[in-house]
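Peer 1: The structure's right below; bear with me while I get my questions together.
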Amino acid sequence: MRIPAKRTVMMMLMVCVFALALAVPASAADQDYVLWNPATNAVSHANASVDGPAVVTGTPGNYTIVITLKNEGTYMGITLPASYAYLNANDDSNPDYEISAVRSVAGGKTTFTISGVTSNTADLPIQLQTTVAGFHNAVHELVIKW
């Protein structure tokens, strides 16, 4: 029995679409977040630097979270250059920040990859070293709040 060429092409196309549909949910999920100051609330100038949602991959107990920050921020209505030297995360009640994120800088943005995170829904305390316009340099204790 011979299958017509049109039917073969249509079946191959349907198989490809089905394979892609299965692969997409397994790859990554975007998750909205804000940078929160535990002493007060959301930090508006820090959140102005957030570039889109976090990308979360992995399984419970071992998530990888990727966040991207713009290398600029708006402070009192003025846009200034910003840079981020490091980000450390605290994934438990231990007072130490035991996870050091991997940092990369490209295209006016800094990306931090935080690996080995236990939960992708629990707030994640971080230390973020920030330099603004070359004169303001500080380590901020914040929380990634989902």
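Coordinate-derived values only; no laboratory data. Worth saying up front: this structure is predicted, and the values here are computed from it rather than measured. Heads up, the Cβs are rebuilt from the backbone with ideal geometry, glycines too, and the neighbour counts pull from every protein chain shown.
Peer 1: Counting only the backbone N, which residues of segment 52-94 are under 18 Å from the spot 7 Å out from the Cα of Thr121 toward its beta-carbon?
Peer 2: 54-65, 92
Peer 1: A further question on this structure: Per residue, what volume in Å³ does the Cα convex hull of segment 28-145 take up?
Peer 2: 103
Peer 1: How large is the dipole of segment 28-145 about the Cα centre if only Lys and Arg carry +1 and Asp and Glu carry -1, each at its Cβ, rounded to the nearest 20 debye?
Peer 2: 340
Peer 1: Something else now. Tell me the label-point distance for the pair Val105, Tyr75, using the 7 Å Cα-to-Cβ offset, in nm and rounded to one decimal.
Peer 2: Here the answer is 1.6 nm between the modelled labels.
Peer 1: Give me the compactness ratio for segment 96-146, meaning the Cα radius of gyration over 2.2 N^0.38 Å. Walk me through the numbers before you get to the answer.
Peer 2: Details: Rg = 12.5 Å, N = 51, 2.2 N^0.38 = 9.8 Å.
The reported ratio for this selection is 1.28.
Peer 1: Where the centroid of each part is defined by its Cα atoms, how far is segment 36-79 from segment 82-135 in Å?
Peer 2: 9
Peer 1: Compute the distribution of all C-alpha to C-alpha distances in segment 48-111, in bins of 5 Å from 0, and list the percent of pairs in each, rounded to whole numbers.
Peer 2: 4, 15, 20, 23, 17, 12, 6, 2, 0
Peer 1: Further question on the same structure: Between Thr131 and Thr57, how high is the FRET efficiency from 1/(1 + (r/R0)^6) when r is the Cβ-Cβ distance and R₀ = 41 Å? Nearest 0.05.
Peer 2: Here the calculated transfer efficiency is 0.90.
Peer 1: To continue, here is another question. Which net charge results for the neighbourhood of Asn47, defined as the other residues with beta-carbon distances under 14 angstrom from its beta-carbon, given Lys and Arg at +1 and Asp and Glu at -1?
Peer 2: -1
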